[in-house]
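Undergrad: Handing you a structure now.
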Amino acid sequence: MEVILQQDLDELGLEGDIVRVAQGYARNYLIPRGIALEVSSLNIKALELKRKKIEIKRVKAKESAEQVKQQIEAIDITIKHKAGEEGKLYGSVTSMDIAAHLEKKGILVERKKIVLEKPIKELGEFKAMIKIYPEVTGELKVNVVSEKEEEE
């Protein structure tokens, strides 16, 4: 079944795109939530009228994504975590931890958009890829240091 997307979806496409999806997915999820419309002559005409607005919106979104990318690549974050003597962490540093540190610096990023090559389970310097917008990906340096346990 073909549908017209009403908003950007990472796995399907951008707003205004006509995509082919499974009929059940369209009828049970996309259409009831207002994410997509069924392709019909009326909906295609409405899409053509909105096309310029959609293009302007995409350009603005991409420009703001580029700015966020520059902000992200300009900073390093340091995460303090409890670690054993050999540099192994108790637990791991997750995308939620990284998103929380970015938020403290004034950069809002969904944790789902943060991609780690592998879980961070030791001390050191790592790189995290952040998918800000389609075709715009920033690279963030993450330093994981030991949290000094004060013995009283």
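The values are calculated or read from the model by the stated rules, or taken from the named source; none is laboratory data. For clarity, every value in this text was computed on a predicted model and none was experimentally measured. Here the Cβ is made from the backbone with ideal geometry for all residues, glycine too, and neighbour counts use every protein chain on show.
Undergrad: Restricting to the stretch 69-115, count the residues that are in contact with a helix residue (DSSP H, G or I) (Cβ under 6 Å, 6 or more places away or on another chain) and among the charged types (D, E, K, R).
TA: Total meeting the criteria: 1.
Undergrad: Shifting gears a bit: Let me spell it out: the conditions are (1) modelled with pLDDT under 90; (2) farther than 21 Å from Tyr133 by Cα; (3) surrounded by 11 or more Cβ atoms within 10 Å (Cβ to Cβ); (4) acidic (Asp, Glu), and Glu2 meets all of them except one. Which number is the exception?
TA: All conditions pass for Glu2, except number (1).
Undergrad: Of the residues that make up the stretch 106-122, is at least one assigned to a strand (DSSP E or B), of a type in the set (Asp, Glu), surrounded by 11 or more Cβ atoms within 10 Å (Cβ to Cβ) and free of Cβ contacts under 8 Å to residues at least 60 places away in the same chain?
TA: yes
Undergrad: Contact list please: Cβ distance under 8 Å, first residue in the stretch 63-90 and assigned by TED's automatic domain parsing to the domain that holds Lys127 and surrounded by fewer than 17 Cβ atoms within 10 Å (Cβ to Cβ), second residue of a type in the set (S, T, N, Q) and outside any helix (DSSP H, G or I), pairs at least six apart or on different chains.
TA: Within 8 Å, the pairs are Asp76/Asn143; Thr78/Asn143; Lys80/Ser146; Lys82/Ser146; Gly87/Ser146.
Undergrad: Within the stretch 92-105, which residues are surrounded by fewer than 15 Cβ atoms within 10 Å (Cβ to Cβ) and either without any contact (Cβ under 8 Å) to a residue 24 or more places away in the chain or closer than 30 Å to Gly16 by Cβ (or both)?
TA: Once the filter is applied, which keeps residues that are surrounded by fewer than 15 Cβ atoms within 10 Å (Cβ to Cβ) and either without any contact (Cβ under 8 Å) to a residue 24 or more places away in the chain or closer than 30 Å to Gly16 by Cβ (or both), the stretch 92-105 yields Met96, Ala100, Glu103, Lys104.
Undergrad: Please report, ordered by residue number, the strands (runs of 3 or more DSSP E) entirely within the stretch 1-82 with at least 1 residues that are more than 28 Å from Ala100 (Cα to Cα) and either of a type in the set (S, T, N, Q) or over 23 Å from the mean Cα position of the chain (by Cα) (or both).
TA: 2-5, 18-20, 36-38
Undergrad: Can you tell me how many residues within the stretch 123-152 are of a type in the set (Asp, Glu) and touching a residue at least 12 places away in the same chain (Cβ under 8 Å)?
TA: Matching residues across the stretch 123-152 total 5.
Undergrad: Considering only the stretch 6-42, state which residues are surrounded by fewer than 16 Cβ atoms within 10 Å (Cβ to Cβ) and of a type in the set (S, T, N, Q).
TA: Hits for the stretch 6-42 are Gln7, Gln23, Asn28, Ser40, Ser41.
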